[in-house]
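Let me begin by presenting the structure, written as structure tokens, before commenting on it.
The values are calculated or read from the model by the stated rules, or taken from the named source; none is laboratory data. Predicted, not measured: the structure shown is a model, and the values here were computed from it. Don't worry about glycine lacking a Cβ; one is built from the backbone with ideal geometry, like all the others, and counts go over all protein chains shown.
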Amino acid sequence: MIGVISYLVFFATVASILSIAVLGLNLQWGNTGLFNGGVVAFFGAGAYGTLILGGTPQAGQLGGFGLPYLLALIGGMVCAGGVAWIVGLLTIRLRHDYLAIATFGVAVAFETMMRNTNALGGAQGIRGFERPLREALGAGFTYNLVFFGFVLILLIATYLFLERLIKSPFGRLLRAIREDEMAAQSLGKSPSRIRLTSFVAGSVVMGLAGGLYATFYAFISPQDVLPILTFQIWAMLIVGGAGNNKGAVMGTFLIWAAWTASGWALSRFAPLEVQLYTGSIQFVLIGFVIVGMLLWRPQGIFPERLVVSQSARSNK
Amino acid sequence: MNGLKTSALALGFAAGFASFGTDAAAQDCTTKIGAVLPTSVDWGKPIAATAQYAVDIANEAGGVAGCQMEMVLRDTQVDPKVGVDAAKALVDLDGVQLLLGAVSSGVSMPILTSVTVPAGVMQMSCCSSSTAFTRLAEEGKTNGLFYRTFATSGVQAAVGAMVARDAGYKSVAVFYKNDDWGQDIGGLVADDLKALGIDVTATIAINDGQASFRAEVTEALKGNPEAIYMALYPKEGTQVVREWISLGGSQNMIAANALKSDEFRDNVGMQFLGNFTGTDTASPRTESADAFVTAYTAKFDGPPNGPGLANSYDATMIALMAMHAAGKDATGADIAAKVASITDSNGTPVTADAAGFSMAKEVLDGGGTVSYQGATGNVQFDKNGDVSAPAVTWTFSEGGIEEQKYISLTEVNDFMASLN
């Protein structure tokens with residue numbers, strides 16, 4: 001029994017971390033219409049930033065500054081924001097598919113750079129610090145439970161922050177730009193500046209997720225920032241419902257549960273001869289879920305709630 | 001009446017079956033072990049199949065510590081997240097104390113740091129080659145729970161340095177490909193050369209896909225080395241060597257196995273390769289290795305040609321023998337502590353088949369130790385859970401590639417020990 005609870009805590013931790021990243025993407029795509037095809041670059045910048053700032057020194061590697069954990073985590077978010085700001089300045093005038101291709105390229109460049117820079121761990125990756133508070137809590141179940149609590153608090157905080165943000169006039173402005181940039185401009189708004197703000201804010205949130213991810217695994221390598229992660233995060237948002245934060249979180253839990261449970265179920269129930277092919281079967285099953293979703297419920301499980309304006313609603 | 005009779009009969013049968021069932025359960029319990037391997041990748045499937053084959057052999061020999069073994073296999077998809085989750089599920093939900101895997105170092109490492117070490121589960125990898133595991137073990141952070149049956153890049157680097165010493169070179173420049181393999185081996189060979197008192201004039205990274213390597217080659221020439229060492233692939237290797245020779249560099253060359261290609265020889269030209277020596281790790285020239293090839297060929301209708309197959313077999317066998325030695329309901333730490341008594345060079349030699357497994361069980365039950373003669377030879381772990389491998393040196397000739405010298409496992413081990 002304790003095993004099941006221990007695993008569920010572990011699962012919920014990973015899903016919560018990924019939820020934060022999906023919330024970041026929801027701000028960019030769901031609310032502003034920015035097609036970020038390079039989620040891993042910002043996720044990775046947060047992860048690498050956190051480990052470099054908070055890690056212990058290692059021969060031939062940059063970093064090991066040994067900063068207090070929370071400072072390192074914030075540092076990781078700043079790294080992600082910095083990368084997003086530079087990338088944003090260069091690409092933010094690009095629309096839709098062009099932006100997607102450009103940011104995808106950035107993500108691949110990021111992965112290649114990490115793989116080739118010895119000072120940043122090279123292809124072997126960076127081994128992290130001792131997980132914070134490990135001394136006090138031990139390595140086992142208690143630790144995972146406390147860490148889950150920490151992640152959950154951050155997830156709720158991020159959720160509430162984004163909910164407030166999109167209900168605010170700024171949130172309406174984001175949606176106005178998403179729907180019709182020209183119209184927003186005619187009202188005296190500056191779409192490119194707002195798009196950049198949204199892009200950086202969403203990326204900082206992804207950076208937070210990256211930092212938590214690296215802390216939890218105490219390790220990050222170029223293998224963690226392959227394009228598959230971008231694809232997974234997108235699938236979570238699409239299934240959950242773009243434009244709806246609740247959907248983003250639910251979608252993450254659902255897709256990640258499907259991803260892991262299908263592997264578990266196949267390993268348990270598939271006949272022995274099929275065992276070796278479970279990996280491929282799993283890909284097929286998950287592909288079916290995503291395609292089915294797009295065919296029959298393209299707006300996602302929780303569609304975006306369209307509100308004309310807050311004042312209009314309160315007058316009802 | 002008739003209905004009652006049938007029900008009574010059915011009840012009787014059910015009771016009979018039930019009692020039969022409990023009897024059977026008391027006799028053969030089942031112990032689970034976990035395997036996290038990239039079965040969704042083509043070369044990963046045979047590695048998993050080989051591990052399962054080893055488990056089947058152990059079961060054929062009567063199981064481990066009185067129980068039948070069941071290997072629960074999970075796919076990593078070569079994705080660290082998926083691999084770590086699978087490992088965690090195996091440890092928490094299936095309660096395994098032994099985990100085989102993973103293949104990629106980038107997957108094995110987070111499993112080690114966030115699952116197996118915190119849970120005290122033993123992890124045995126067939127195929128992760130990164131030196132990062134050695135460093136982690138040196139810092140005492142693996143708690144002695146990690147072993148691998150795949151030789152690190154250290155073997156080839158050491159043999160490269162050995163070639164330089166035997167040829168009497170006083171100074172060497174090192175070129176390495178800028179990826180994980182090249183970075184690893186380039187750094188190691190430089191350290192080994194220095195340990196032998198040979199001057200390393202430069203270590204230069206080669207990024208592939210460049211039009212010219214003139215800048216890199218010029219930099220290497222500045223130190224005027226007597227020889228060069230190359231951890232490069234044929235494509236950039238050809239270009240580097242051409243430019244190196246055209247700028248007047250020495251024809252004394254040593255290279256790692258990646259340059260073992262006819263394409264490289266033809267494109268550079270035999271006339272420049274007279275003083276070229278290559279290195280490679282070799283499969284051991286022992287009966288046990290040949291026996292594995294024969295048994296594998298019979299079982300899978302083909303020889304074990306993919307990467308990591310012999311390593312996967314040995315990883316599983318050694319782990320299962322250690323599990324037997326540790327007894328029923330052993331924890332990961334107990335099993336890990338028993339590995340030394342399986343690979344004790346003074347122990348009773350046992351072969352890597354069902355007969356050998358039975359014999360090992362007998363010896364271990366009697367409190368003795370065994371020396372496992374496996375598919376990769378007489379496996380021996382060092383204090384960090386690493387293994388080494390025999391090596392060969394080779395040269396190019398008009399006819400192709402010729403082996404120059406076979407360096408046995410003992411010689412490799414002794415030489416590597418002398419470097420430290």
Exercise for review: Scan B:381, B:396, B:357, B:415 and give me the residue that is in contact with a helix residue (DSSP H, G or I) (Cβ under 7 Å, 6 or more places away or on another chain), touching a residue at least 24 places away in the same chain (Cβ under 8 Å), crowded, with 19+ Cβ neighbours inside 10 Å and not in a helix (DSSP H, G or I).
Suggested key: B:396
Check your understanding: Residues of the stretch B:79-99 being free of Cβ contacts under 8 Å to residues at least 12 places away in the same chain and either hydrophobic (A, V, I, L, M, F, W, C) or under 18 Å from residue B:65 (Cβ atoms) (or both), which ones?
Key -> B:82, B:93
Exercise for review: Name every residue in the stretch A:238-264 that is in a helix (DSSP H, G or I) and either over 19 Å from residue A:12 (Cβ atoms) or acidic (Asp, Glu) (or both), in order of residue number.
Suggested key: A:238
Check your understanding: Is the stretch A:60-81 home to any residue that is touching a residue at least 12 places away in the same chain (Cβ under 8 Å), on the phi < 0 side of the Ramachandran plot, part of a loop (DSSP other than H, G, I, E, B) and in contact with a Ser or Thr (Cβ under 8 Å, 6 or more places away or on another chain)?
Key -> no
Point to revise | Selection within the stretch B:58-107 - facing chain A (nearest Cβ under 9 Å) and in contact with a Phe, Trp or Tyr (Cβ under 6 Å, 6 or more places away or on another chain) | key: B:88, B:89, B:92, B:93
Study note, to complete from the structure: Residue pairs within 8 Å by beta carbon, gap of at least six or interchain, first lying in the stretch B:132-145 and basic (Lys, Arg), second part of a helix (DSSP H, G or I), listed first then second, are B:141/B:113; B:141/B:117
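Inside the stretch B:365-378, can you point out the residues that are under 15 Å from residue B:345 (Cα atoms) and in contact with a helix residue (DSSP H, G or I) (Cβ under 7 Å, 6 or more places away or on another chain)?
First, the residues of the stretch B:365-378 that are under 15 Å from residue B:345 (Cα atoms): B:368-374, B:376-378.
Within the stretch B:365-378, B:369, B:370, B:372, B:373, B:374, B:376, B:377, B:378 meet the criteria.
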Point to revise | Identity of the residue in the stretch A:154-170, without any contact (Cβ under 8 Å) to a residue 60 or more places away in the chain and of a type in the set (A, V, I, L, M, F, W, C), that ends up farthest from residue A:189 (Cα to Cα) | key: A:156
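Can you report the number of residues in the stretch B:194-239 which are charged (D, E, K, R) and within 27 Å of residue B:416 (Cα to Cα)? Break it down stepwise before answering.
Initial filter on the stretch B:194-239 (charged (D, E, K, R)): B:194, B:199, B:208, B:214, B:216, B:219, B:222, B:226, B:235-236.
So of that shortlist, the ones also within 27 Å of residue B:416 (Cα to Cα) come out as B:194, B:199, B:226.
So the answer is 3.
Every residue, every condition in (1) within 21 Å of residue B:407 (Cα to Cα); (2) buried (at least 18 other Cβ atoms within 10 Å of the Cβ); (3) more than 18 Å from the chain's Cα centre (by Cα), yes or no:
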| position | (1), (2), (3) |
| --- | --- |
| B:140 | no, no, yes |
| B:150 | yes, yes, no |
| B:153 | yes, yes, no |
| B:158 | yes, yes, no |
| B:169 | yes, yes, yes |
| B:173 | no, yes, yes |
| B:185 | yes, yes, no |
| B:193 | yes, yes, yes |
| B:200 | no, yes, yes |
Study note, to complete from the structure: Exception for residue A:78 within (1) crowded, with 24+ Cβ neighbours inside 10 Å; (2) modelled with pLDDT of 95 or more falls at (1)
Revision key, fill the gap. Filter the stretch B:101-128 for residues that are surrounded by fewer than 24 Cβ atoms within 10 Å (Cβ to Cβ) and among the β-branched types (Val, Ile, Thr); the one that is farthest from residue B:154 (Cα to Cα) is B:117
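Among the strands (runs of 3 or more DSSP E) contained in the stretch B:210-303, which hold 1 or more residues that are in the same structural domain as residue B:194 (by TED's automatic domain parsing) and free of Cβ contacts under 8 Å to residues at least 40 places away in the same chain?
Result: B:253-255.
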Exercise for review: State all residues of the stretch A:122-135 that are crowded, with 20+ Cβ neighbours inside 10 Å, more than 9 Å from chain B (Cβ to nearest Cβ) and either at pLDDT below 70 or at positive phi (or both); if no residue qualifies, say none.
Suggested key: A:129
Check your understanding: Name the residues in the stretch A:1-36 that are more than 14 Å from residue A:154 (Cβ to Cβ), part of a helix (DSSP H, G or I), in contact (Cβ under 8 Å) with a residue 40 or more places away in the chain and hydroxyl-bearing (Ser, Thr, Tyr), would you?
Key -> A:6
Practice item. State whether the residues of the stretch A:11-25 include one that is within 11 Å of chain B (Cβ to nearest Cβ), farther than 25 Å from residue A:124 by Cα and either buried (at least 24 other Cβ atoms within 10 Å of the Cβ) or touching a Ser or Thr at 6+ places or on another chain (Cβ under 9 Å) (or both). Key: yes
**Study point:** Sole residue being surrounded by 15 or more Cβ atoms within 10 Å (Cβ to Cβ) and within 23 Å of residue B:168 (Cα to Cα), chosen from B:237, B:249
**Key:** B:249
Practice item. Search the stretch B:36-57 for residues being hydroxyl-bearing (Ser, Thr, Tyr) and out of contact with any Leu (no Cβ under 9 Å at 6 or more places or on another chain), and hand back the single one that is nearest to the other protein chains (Cβ to nearest Cβ). Key: B:40
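I'd like to check something: does the stretch B:137-146 contain any residue that is among the β-branched types (Val, Ile, Thr) and facing another protein chain (nearest Cβ under 8 Å)?
Narrowing the stretch B:137-146 to residues among the β-branched types (Val, Ile, Thr): B:142.
The next check asks that each one be facing another protein chain (nearest Cβ under 8 Å); those that pass are none.
Within the stretch B:137-146, none of the residues are among the β-branched types (Val, Ile, Thr) and facing another protein chain (nearest Cβ under 8 Å).
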